[in-house]
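*Asks:* Got a structure for you, questions after.
The values are calculated or read from the model by the stated rules, or taken from the named source; none is laboratory data. Here the structure is a predicted model, which means the values were calculated and not measured. Cβ sites come from the backbone with ideal geometry, for glycine too, and all protein chains shown count toward neighbours. All accessible areas refer to the heavy atoms of the entire protein, side chains included, with ligands and DNA or RNA removed. Shrake-Rupley method; radii C 1.70, N 1.55, O 1.52, S 1.80 Å.
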Amino acid sequence: MNNFLFENGTKFLFGGGCVKEYLASFLRKYGPSVLLVTEEGERRSGAADEVRDILRRRGKQASECTVGPFCPRYDQVQQAARLCRERRVDLILGVGGSAVLDGCKAASLAAVCRGDLWENFGELQGVVDVPPLPVGFVASHLEAGAFNGAAGLIHENQCVWRDYPPCDPRFALLDPARTCELSRRELLFQGFSALAGALEEHLTLTDGMNVSRELLEALLEGMVRDLRVCRQAPGDENARSSLMWRCALWGSRFFQLGRRFSFPALPVREAAILSASDWEEYAGVLAVLLLSLCRREAEQSPAIMARAARRLWGRSGRGRSETQLARDGVRALEALAEELGLPVQPEQLGAAVQNRLGQLSTPQNLLVHTA
């Protein structure tokens with residue numbers, strides 16, 4: 001393994017009622033000006049209303065902005081950073097899912113950095129030599145993103161992930177009861193989003209990262225199990241809670257320890273972010289492109305997919321070649337996608353999505369392997 005420095009500065013509180021019980025105590029540590037970040041286009045959120053009420057009762061002066069969906073845009077981050085400077089913000093507080101968390105991280109750095117955020121920390125990967133504004137986060141989605149890992153940012157139809165530990169939230173509150181506001185389909189689509197990200201990351205792990213691979217495989221196995229329980233019994237509180245915590249872990253830099261370079265590119269996730277307008281489209285593109293990637297890997301690098309078939313799907317390798325076993329793993333993923341009501345081939349996507357996807361350069365090399 002390569003040498004590494006592991007840092008995790010987030011205090012997590014997980015469980016029913018944690019926001020009502022503990023958010024006010026965290027707020028006492030910061031000044032009066034708070035920037036509240038929520039997701040663009042999201043319907044009225046009970047979690048956001050609860051946070052607004054707590055901020056008001058604590059005497060905080062709250063400004064608000066929105067980001068997303070799916071990933072913050074550069075102009076949204078710039079607007080949040082301007083508000084931070086104009087209102088002399090003491091704390092950036094996000095309420096939502098992965099787009100909100102990523103937006104908070106980016107804004108915390110953009111508000112204090114010298115020069116242009118994209119030029120210094122997006123297009124390139126500079127050194128964070130100034131303390132970012134502190135970030136706090138309240139999860140209202142099942143897919144809440146990487147608390148201790150890379151944050152995504154969209155700039156001119158390009159999505160990149162950058163990992164800066166100083167931008168991690170100081171505290172994160174996850175109440176599984178808040179996911180009850182999601183429809184059953186949204187719950188499953190968000191769970192699949194985290195599964196797809198973790199599996200795409202698993203396929204990019206490099207030599208010397210065996211510990212990370214084994215830990216990620218255990219997480220993936222649990223995600224598959226919880227997703228199936230949530231599909232069959234969406235009211236199962238234990239499965240929903242377990243899935244929420246697993247979804248919060250997949251993007252952690254903990255699974256990147258030993259990697260020689262930074263967080264890997266995720267072309268499947270990038271294409272879904274750039275081509276979808278709602279969760280159903282997003283999860284559909286993820287499923288189609290992820291399966292295409294897995295089919296390619298099954299033919300070109302069968303050892304990786306064969307390992308996944310054994311570890312994730314419980315397939316026996318007795319009497320079967322690595323290529324046959326790898327194909328078994330692809331079929332198992334297809335079966336899960338179909339169980340969740342997701343497409344498995346490009347022609348199953350809507351015409352509008354196919355058109356938007358066709359305008360991107362990234363997916364073309366993946367889709368040729370769908371036959």
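*Asks:* If you count only protein heavy atoms and use a 1.4 Å probe, how large is the accessible surface of D49, to the nearest 10 Å²?
*Replies:* Ignoring ligands and nucleic acids, D49 comes out at about 50 Å².
*Asks:* Helix 184-204 versus the longest principal axis of the chain: what is the Cα-based angle in degrees, 0 to 90, to the nearest 10?
*Replies:* Between helix and principal axis, roughly 70 degrees.
*Asks:* Would you kindly work out the equivalent ellipsoid of segment 78-170 from its C-alpha gyration tensor and give its semi-axes, the square roots of five times the eigenvalues, largest first in whole Å? Working shown, then result.
*Replies:* Values: eigenvalues 68, 53, 29 Å².
For segment 78-170, the semi-axes come out at 18, 16, 12 Å.
*Asks:* Also, I was wondering about something else. One quarter of the convex hull surface, Cα atoms only: what value does that give for segment 57-115 in nm²?
*Replies:* Convex hull of Cα atoms, orientation-averaged projection: 4.1 nm².
*Asks:* Also, quick follow-up: How large is the accessible surface per residue of segment 197-249, computed with a 1.4 Å probe and reported in Å² as a whole number?
*Replies:* Averaged over the residues of segment 197-249, the accessible area is 39 Å².
*Asks:* Within 12 Å, Cβ to Cβ, of T66, how many net charges do the neighbouring residues add up to if Lys/Arg are +1 and Asp/Glu are -1?
*Replies:* Around T66, the surrounding residues sum to -4.
*Asks:* So if I take the centroid of the Cα atoms in segment 228-305 and the same for segment 92-130, what is the distance between those two points in Å?
*Replies:* Distance between centres, Cα-based: 23 Å.
*Asks:* Please work out how much length the chain gains when fully extended from R170 to S361, using 0.36 nm per residue of separation minus the C-alpha to C-alpha distance, in nm with one decimal.
*Replies:* Details: separation 191, 0.36 × 191 = 68.76 nm, distance 3.72 nm.
Length difference between fully extended and current span is 65.0 nm.
*Asks:* May I pose another question? Dipole size in debye (nearest 20) for segment 60-199 around its Cα centre, Lys and Arg Cβ +1, Asp and Glu Cβ -1?
*Replies:* So the magnitude is around 340 debye.
*Asks:* A further question on this structure: To the nearest 20 debye, what charge dipole does segment 264-342 have about its Cα centre, counting +1 at the Cβ of each Lys and Arg and -1 at the Cβ of each Asp and Glu?
*Replies:* Computed charge dipole of segment 264-342: roughly 660 debye.
*Asks:* Could you run the Debye sum over the Cα atoms of segment 225-331, one equal point scatterer each and no solvent, and tell me log10 of I(q)/I(0) at q = 0.16, 0.18, 0.21, 0.24 Å⁻¹, two decimals?
*Replies:* For segment 225-331, the Cα-only Debye profile gives -1.03, -1.22, -1.30, -1.23.
*Asks:* Mean-square fluctuation check for the chain, GNM, Cα pairs under 10 Å: which of A150, A24, A172 is largest?
*Replies:* A24
*Asks:* Also, I was wondering about something else. Taking the highest mean first, how do the peptides 315-328, 79-92 order by number of other beta carbon atoms within 10 angstrom per residue?
*Replies:* Most protected by this proxy first, the peptides run 79-92, 315-328.
*Asks:* Still on this structure, please answer the following. Express the Stokes-Einstein translational diffusion coefficient of segment 1-129 in µm² s⁻¹, to the nearest whole number, given a Kirkwood radius over alpha-carbon pairs, 10 °C and a viscosity of 1.306 mPa s.
*Replies:* It comes out at roughly 100 µm²/s.
*Asks:* Given a Förster distance of 51 angstrom, what is the FRET efficiency for D129 paired with R185, based on the Cβ-Cβ distance and rounded to 0.05?
*Replies:* According to the calculation, E is roughly 0.70.
*Asks:* Please report, in debye to the nearest 20, how large the charge dipole of the chain is about its Cα centre when each Lys and Arg carries +1 at its beta carbon and each Asp and Glu carries -1 there.
*Replies:* The calculated dipole for the chain is roughly 800 debye.
*Asks:* Want the number for E21 to V211: 0.36 nm per residue separation, take away the alpha-carbon distance, what's left?
*Replies:* 64.7 nm
*Asks:* Nearest 10 degrees is fine. How inclined is helix 98-110 to the longest principal axis of the chain, computing both from alpha carbons?
*Replies:* Value to nearest ten degrees: 50.
*Asks:* Follow-up. Kirkwood Rh over Cα pairs of segment 160-304 into Stokes-Einstein at 25 °C, 0.890 mPa s: D in µm²/s?
*Replies:* In µm²/s, the coefficient is 151.
*Asks:* May I pose another question? Based on the Cα gyration tensor of segment 119-215, what are the three equivalent ellipsoid semi-axes, each the root of five times an eigenvalue, rounded to whole Å and given largest first?
*Replies:* Semi-axes (√(5λ), whole Å): 25, 20, 15.
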